[in-house]
Number of protein chains: 2
Amino acid sequence: METHWIAVDWGTTNLRAYAMSSEHQVLSDAQSHDGAGKLSPDEFEDALLKLIDDWLVPDRITSVLVCGMAGAKQGWAEAPYLQTPCLPSSSDGLKAVETKDSRLKVSNLPGVCQQSPADVMRGEETQLAGLIADTGAKFNTVCLPGTHSKWVQLQDNQIHRFNTYMTGETFELLSQQSILRHELTSEGWNQSAFLEAVEESLKNPQQLLSDCFRIRAQGLLGKPDSASARARLSGLLIGAELAGAKSYWNNQNTALIGDDRLVTLYAEALTHIGGNSEIFSAQDMTLQGLIQVYKNLFNQ
Amino acid sequence: METHWIAVDWGTTNLRAYAMSSEHQVLSDAQSHDGAGKLSPDEFEDALLKLIDDWLVPDRITSVLVCGMAGAKQGWAEAPYLQTPCLPSSSDGLKAVETKDSRLKVSNLPGVCQQSPADVMRGEETQLAGLIADTGAKFNTVCLPGTHSKWVQLQDNQIHRFNTYMTGETFELLSQQSILRHELTSEGWNQSAFLEAVEESLKNPQQLLSDCFRIRAQGLLGKPDSASARARLSGLLIGAELAGAKSYWNNQNTALIGDDRLVTLYAEALTHIGGNSEIFSAQDMTLQGLIQVYKNLFNQ
């Protein structure tokens, strides 16, 4: 079957493309590590063609819909942010990207910004569009854990407000580069140490910078193993995020969108502190979201 | 005048030595960047002799009293921690260090640990000894800002309890290696942005990981200059530390010991949120502390 259009998820570190039928079924998919973070603007087209060239038909123009960092200021071509409140599946603000290859009609999706308090997302809005397409108005609260975790409140299927936490990035920096790295020498994991730390940090988030140092002190005094130390650091940071985001998850059923391991951790943390959640795959939601925008665009 | 003994402050990154008279006056001083962090155990003696060789007298043994990281497990020779509650100027737990040079009689001072909640210090206890020698029982609360800020409660001139915050190290990591580095491109400083952030973070420390990301979002939305962003990041982290350490500084006059710029920032932050403090030089307090331990040791 012939490729009708192409859906592209272009993150900072990965690029994923899907050949779509006219019925929005995936005919084929491909991925590479040509993330937007390492490409200069003139390298994007070649990186994309490496994945999708075989799907293109001579003398026919194929629409390519791209979400994520390819639309950022330092990406391929900037699609300026839409502002909250806004529909995440809007086809407003698409940025037509000039290409050398005449078989391509590329459009970058915009991210979403919030003026006060200042916040930005780029890519997550497409996952939110996918969630709404998938579940209707079932969820008011969505959490997208990751390097920069997002908490989002939906209202009438619009992005009403959101809040980003640097949880994942802080974990990476503290575990790999701070004094704590000496205590986190294995990839091991102790789930009860994780849950205990979530609870501790939820109750006393003002002790985060001190609780983190305690992992080092416990190591010097000969107490915890590396598996507990790693789980504890993760739990302290996620617990502090959950303390900050309590107005989102409290008394709500939270949709968690992200990679398997991380959303499972968040789900277990939420259950432990009395919250509810359901898990959705980031990849599925992104694809559903791109389909939704495509449908809106061509009124199909 | 002849060197009677030698006082040494051996930190992770710097080494400072003082030639002392029998009246505990500084006859001469010297320093180098041979910090304990980059030396293997067999390199310490040569690094020290480079600074003090001229002060030594043939056929006479000179006492060298060393505080700081030289006494850590990965240092020159480990002087195990004393446990709280303890006097910071005790000569208990001194570790005699073997040397090749027979003119030397080197002793490493122990650090101090707290079992519950687990915490450690090494070097700061000597500054506390110096403060007590200098001011008597005037201060119940001492803050030693730095890479790993310490808050200490003194009682009957003993270290009663203490708490370490990873504030300085987290600032270095976030400002140099996280996504925030794009917003902190200059060394500039905006004092009112600093104080505002201290206050914000003191009130809502559970938003720390989110407030930090906002610096990036504000940058992308074209708002603050780099000087404000840098001051804001520092203020958010120090504000979170002050929220955690409130039981120390609230209704107390806090002695601040550290490097000039940092203790001035902490003093201004404390004043802004209704605290009181007095400033002391880390270098002076260290030397006073070493003198105090030397006096106790020889009952002089």
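So is residue B:241 charged (D, E, K, R) and either open to solvent by less than 20 Å² (accessible area, probe 1.4 Å) or more than 11 Å from every other protein chain (Cβ to nearest Cβ) (or both) or not?
Yes: the conditions hold for residue B:241.
Which residue is nearest to residue A:116 (Cα to Cα), if the candidates are limited to the range B:170-208 and must be in a helix (DSSP H, G or I) and either in contact with a Pro (Cβ under 9 Å, 6 or more places away or on another chain) or not assigned by TED's automatic domain parsing to the domain that holds residue B:262 (or both)?
That would be B:207.
May I ask you to verify whether residue B:206 is within 11 Å of chain A (Cβ to nearest Cβ), polar (S, T, N, Q) and free of Cβ contacts under 8 Å to residues at least 24 places away in the same chain?
yes
Any residue in the range A:69-84 that is open to solvent by 30 Å² or more (accessible area, probe 1.4 Å), in contact with a Pro (Cβ under 8 Å, 6 or more places away or on another chain) and of a type in the set (Asp, Glu)?
Within the range A:69-84, not a single residue is open to solvent by 30 Å² or more (accessible area, probe 1.4 Å), in contact with a Pro (Cβ under 8 Å, 6 or more places away or on another chain) and of a type in the set (Asp, Glu).
For the list (1) touching an Asp or Glu at 6+ places or on another chain (Cβ under 7 Å); (2) farther than 30 Å from residue B:122 by Cβ, I need the number of the one condition that residue A:294 fails.
Going through (1) touching an Asp or Glu at 6+ places or on another chain (Cβ under 7 Å); (2) farther than 30 Å from residue B:122 by Cβ one by one, residue A:294 breaks only (1).
On the basis of being open to solvent by 50 Å² or more (accessible area, probe 1.4 Å) and either of a type in the set (Phe, Trp, Tyr) or touching a strand residue (DSSP E or B) at 6+ places or on another chain (Cβ under 7 Å) (or both), does residue A:182 make the cut?
Against the criterion (open to solvent by 50 Å² or more (accessible area, probe 1.4 Å) and either of a type in the set (Phe, Trp, Tyr) or touching a strand residue (DSSP E or B) at 6+ places or on another chain (Cβ under 7 Å) (or both)), residue A:182 does not qualify.
Among the numbered criteria (1) open to solvent by 50 Å² or more (accessible area, probe 1.4 Å); (2) touching a residue at least 24 places away in the same chain (Cβ under 8 Å); (3) under 20 Å from residue A:129 (Cβ atoms), which single criterion is violated by residue A:23?
(2)
Any idea which residue in the range B:209-225 is surrounded by the most Cβ atoms within 10 Å (Cβ to Cβ), counting only those that are more than 7 Å from chain A (Cβ to nearest Cβ) and not in a helix (DSSP H, G or I)?
B:224
Based on what the data block shows, is residue B:194 closer than 30 Å to residue A:84 by Cα, aromatic (Phe, Trp, Tyr) and away from chain A (no Cβ under 11 Å)?
Spelling it out, residue B:194 is indeed closer than 30 Å to residue A:84 by Cα, aromatic (Phe, Trp, Tyr) and away from chain A (no Cβ under 11 Å).
Of (1) farther than 25 Å from residue A:220 by Cβ; (2) surrounded by 22 or more Cβ atoms within 10 Å (Cβ to Cβ); (3) within 11 Å of another protein chain (Cβ to nearest Cβ); (4) not β-branched (Val, Ile, Thr), residue B:176 satisfies all except one. Which?
Tallying (1) farther than 25 Å from residue A:220 by Cβ; (2) surrounded by 22 or more Cβ atoms within 10 Å (Cβ to Cβ); (3) within 11 Å of another protein chain (Cβ to nearest Cβ); (4) not β-branched (Val, Ile, Thr), residue B:176 fails exactly one: (2).
What pairs can you find where one residue is in the range A:261-280 and touching a residue at least 40 places away in the same chain (Cβ under 8 Å), the other is among the aliphatic types (A, V, I, L, M) and surrounded by fewer than 18 Cβ atoms within 10 Å (Cβ to Cβ), and their Cβ atoms are less than 6 Å apart, with a gap of 6+ or different chains?
Partner pairs satisfying both residue conditions: A:263/A:279.
Of the conditions (1) under 20 Å from residue B:37 (Cα atoms); (2) open to solvent by less than 10 Å² (accessible area, probe 1.4 Å), residue B:118 fails just one. Which one is it?
(1)
Does residue A:286 qualify as being assigned to a helix (DSSP H, G or I), β-branched (Val, Ile, Thr) and touching a residue at least 60 places away in the same chain (Cβ under 8 Å)?
Against the criterion (assigned to a helix (DSSP H, G or I), β-branched (Val, Ile, Thr) and touching a residue at least 60 places away in the same chain (Cβ under 8 Å)), residue A:286 qualifies.
Has the range A:125-132 got any residue that is of a type in the set (Asp, Glu), touching a residue at least 24 places away in the same chain (Cβ under 8 Å), open to solvent by less than 10 Å² (accessible area, probe 1.4 Å) and part of a helix (DSSP H, G or I)?
Checking the range A:125-132: at least one residue is of a type in the set (Asp, Glu), touching a residue at least 24 places away in the same chain (Cβ under 8 Å), open to solvent by less than 10 Å² (accessible area, probe 1.4 Å) and part of a helix (DSSP H, G or I).
Suppose we filter the range A:45-68 for residues that are assigned to a loop (DSSP other than H, G, I, E, B) and among the basic types (Lys, Arg); how many remain?
1
Assuming residue A:236 fulfils every condition listed in (1) open to solvent by less than 20 Å² (accessible area, probe 1.4 Å); (2) facing chain B (nearest Cβ under 10 Å); (3) not small (Gly, Ala, Ser) apart from one, which condition is it?
(2)
Could you check, for the range B:44-67, whether at least one of its residues is touching a helix residue (DSSP H, G or I) at 6+ places or on another chain (Cβ under 7 Å), surrounded by 19 or more Cβ atoms within 10 Å (Cβ to Cβ) and closer than 25 Å to residue B:117 by Cα?
yes
Would you check which residues across the range A:244-269 are among the small types (Gly, Ala, Ser) and surrounded by fewer than 20 Cβ atoms within 10 Å (Cβ to Cβ) and list them?
A:247, A:267
Are any residues in the range B:100-124 in a loop (DSSP other than H, G, I, E, B) and either within 11 Å of another protein chain (Cβ to nearest Cβ) or of a type in the set (Ser, Thr, Tyr) (or both), and if so, which ones?
Answer for the range B:100-124, where residues must be in a loop (DSSP other than H, G, I, E, B) and either within 11 Å of another protein chain (Cβ to nearest Cβ) or of a type in the set (Ser, Thr, Tyr) (or both): B:102, B:111, B:115, B:116, B:117, B:118, B:122.
The values are calculated or read from the model by the stated rules, or taken from the named source; none is laboratory data. All figures in this text were calculated on a predicted structure; none of them were measured in a lab. Methodologically, a virtual Cβ is constructed for each residue, glycine included, from the backbone with ideal geometry; neighbour enumeration extends over all protein chains shown. With ligands, DNA and RNA removed, areas are computed over all heavy atoms of the protein, side chains included. Shrake-Rupley method; radii C 1.70, N 1.55, O 1.52, S 1.80 Å.
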